[in-house]
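The values are calculated or read from the model by the stated rules, or taken from the named source; none is laboratory data. Note that the coordinates shown come from a computational prediction; the quantities given were computed from them, not determined experimentally. For neighbour counting, all protein chains shown are included, and Cβ atoms are generated from backbone atoms with ideal geometry for every residue, glycine included.
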């Protein structure tokens, strides 16, 4: 009987660590890899994460600060 591969498919999302101006940090924020398929590198990830933050703030009522730095999360 064949074993099922237990790993998740790679290449669907890129994970980012976000540091905000107020010192708050979030890790493993998902950005679809299709958003990053340009010559701009990781630059398109910032507006995508900012849009996520606006949705989160709308639902929770707690706005997030401005993004200070954005970096890819380390490999798991």
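Residue pairs whose Cβ atoms lie under 7 Å apart, sitting 6 or more positions apart in sequence or on different chains, and linking a residue in the stretch 30-50 that is under 13 Å from residue 13 (Cα atoms) to a partner that is modelled with pLDDT of 90 or more and assigned to a helix (DSSP H, G or I), are 31/45; 31/48; 31/49; 35/45; 35/48; 36/45. The number of residues in the stretch 39-66 being touching a helix residue (DSSP H, G or I) at 6+ places or on another chain (Cβ under 6 Å) and under 17 Å from residue 22 (Cα atoms) comes to 2.
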